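Please treat every number below as a calculation from the coordinates, not as lab data. These numbers come from a predicted model, not from an experiment. Note that we place each Cβ from the backbone using ideal geometry, even for glycine, and neighbour counts take in every protein chain shown.
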Amino acid sequence: MSGAPSPEAVQRAVSRVFSRRFAWGEADCCLAVADVLCALGLPDPAALWRLGYDRKWAEAALVGAGGLAALIGDVAKEQGWPRVCSPQPGDIGAGATLAICDGRRWWAKGARGMVAVPVPDVIWRVF
């Protein structure tokens, strides 16, 4: 895919992927965003995390990395995703959770599905 996906494409992918029940290591905030990126045509940025993990492991990984923004920042660096200030559809961001932008709103995977969240602290251009 060249360029940013349409807001509608992001919304469709988010609605489909985020409708799955929350489960650490399967359908949590990080893997759900990675699944949306895959649905939009990108290679899986979370392939190494797909072996499965639980909440305890996730919390330890976050602490060890220095927080969610640092953990995702490492992935962004590996993927060649630059930090940006003005989001476009398909961009991802880290704040209290990992989220994806549809061009109008930021969406995160919550315990009960799709949750609109505030603009994240750190944003990466993915497309």
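Spin-label model, A39 to R20: label points 7 Å out along the Cα-to-beta-carbon direction sit 1.0 nm apart.
Normalised by the number of residues in the chain, what is the relative contact order in percent for Cα pairs under 8 Å and 6+ residues apart? Intermediate results must be reported in sequence, preceding the final value.
Values: 211 pairs, mean separation 38.9, N = 127.
With pairs under 8 Å counted, the relative contact order is 31 percent.
Per-peptide packing, taken as the mean over residues of other Cβ atoms within 10 Å, places 14-26, 81-93 in the sequence 81-93, 14-26 from highest down.
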